[in-house]
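The block underneath contains the structure these notes are about, expressed in structure tokens.
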């Protein structure tokens, strides 16, 4: 199995677990390192996808969706400082 296929399979497994825990909305700020998760989310018909180019804005979108729907929301961003840019939505 190629590394690409392996990554895609694990991403699908992770996202399937999220659906079993009630996640319906996935907020995505795509980046190269999050590509397997992004592609797996796009292929999963159980998800409603929301994309944004800026992680800070995406964090606020995810927070609003979670508050309005009273359900958990998944957030997919690339590695590094992208995760730290979600922090303003939490405080």
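The values are calculated or read from the model by the stated rules, or taken from the named source; none is laboratory data. What you see is a predicted model, and the numbers here were worked out from it, not measured in a lab. Using ideal geometry, Cβ is built from the backbone for each residue, glycine included, and neighbour counts are taken over all protein chains shown.
Overview of values
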item	result
Close pairs from the range 28-46: first touching a residue at least 12 places away in the same chain (Cβ under 8 Å) and on the phi < 0 side of the Ramachandran plot, partner exposed (fewer than 14 other Cβ atoms within 10 Å of the Cβ) and in a loop (DSSP other than H, G, I, E, B), Cβ under 8 Å, at least 6 apart	29/53; 29/54; 31/79; 33/79; 34/79
Lone qualifier among 82, 74 - being at negative phi, surrounded by 12 or more Cβ atoms within 10 Å (Cβ to Cβ), in contact with a strand residue (DSSP E or B) (Cβ under 9 Å, 6 or more places away or on another chain) and at pLDDT below 95	82
Residue list for the range 36-47, restricted to those being in contact with a strand residue (DSSP E or B) (Cβ under 7 Å, 6 or more places away or on another chain) and not in a helix (DSSP H, G or I)	47
Enumeration of residues in the range 67-91 that are touching a residue at least 40 places away in the same chain (Cβ under 8 Å), in a helix (DSSP H, G or I) and closer than 24 Å to residue 36 by Cβ	82
Matching residues in the range 33-57 - criterion: being buried (at least 18 other Cβ atoms within 10 Å of the Cβ) and out of contact with any helix residue (DSSP H, G or I) (no Cβ under 8 Å at 6 or more places or on another chain)	34, 38
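For (1) part of a helix (DSSP H, G or I); (2) within 22 Å of residue 81 (Cα to Cα); (3) in contact with a strand residue (DSSP E or B) (Cβ under 9 Å, 6 or more places away or on another chain); (4) at pLDDT below 95, each residue gets a yes or a no:
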residue	(1), (2), (3), (4)
15	yes, no, yes, no
22	no, no, no, no
27	no, yes, yes, no
34	yes, yes, yes, yes
49	no, no, yes, no
53	no, yes, yes, yes
60	yes, yes, no, no
63	yes, yes, yes, no
